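The structure follows.
The values are calculated or read from the model by the stated rules, or taken from the named source; none is laboratory data. This is a predicted model, so every value here is computed, not measured. Note: accessible area is taken over every heavy atom of the protein model, side chains too, but ligands, DNA and RNA are not part of it. Shrake-Rupley method; radii C 1.70, N 1.55, O 1.52, S 1.80 Å.
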Amino acid sequence: MVAATATATEMQNNFGKYLSLIMSGQEVIVTKNGREVGRFIPKDAAISYLTDSLTGILKGSYDIDEIKTERLNAKYDAAD
């Protein structure tokens, strides 16, 4: 999938153009001050992405408490 890029101002001023791109199956990346701030993706792609994510979670074996602890330690630089 080829993604189009638009600044927030371009998106605001030309919403119809970007909406047409999304409806035709393209992804639109929105930037503000040169940084990516969001993405618009077609509905079917969003459903597929969510389904694939959930399938991966359900198939995987993981310990949610261990993952939470690792993320909190990384975020707050906590030592055990």
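Scan the range 27-80 residue by residue and report those that are acidic (Asp, Glu), modelled with pLDDT of 70 or more and part of a helix (DSSP H, G or I).
Initially, the range 27-80 is screened for residues acidic (Asp, Glu), giving 27, 36, 44, 52, 63, 65-66, 70, 77, 80.
Applying the additional criterion that residues be modelled with pLDDT of 70 or more yields 27, 36, 44, 65-66, 70.
Across the range 27-80, the qualifying residues are Asp44, Asp65, Glu66, Glu70.
Condition first: open to solvent by 100 Å² or more (accessible area, probe 1.4 Å) and not polar (S, T, N, Q). Now tell me which residues in the range 16-35 satisfy that.
Step one: of the range 16-35, the residues open to solvent by 100 Å² or more (accessible area, probe 1.4 Å) are 17, 23, 32-33, 35.
Result: Lys17, Met23, Lys32, Arg35.
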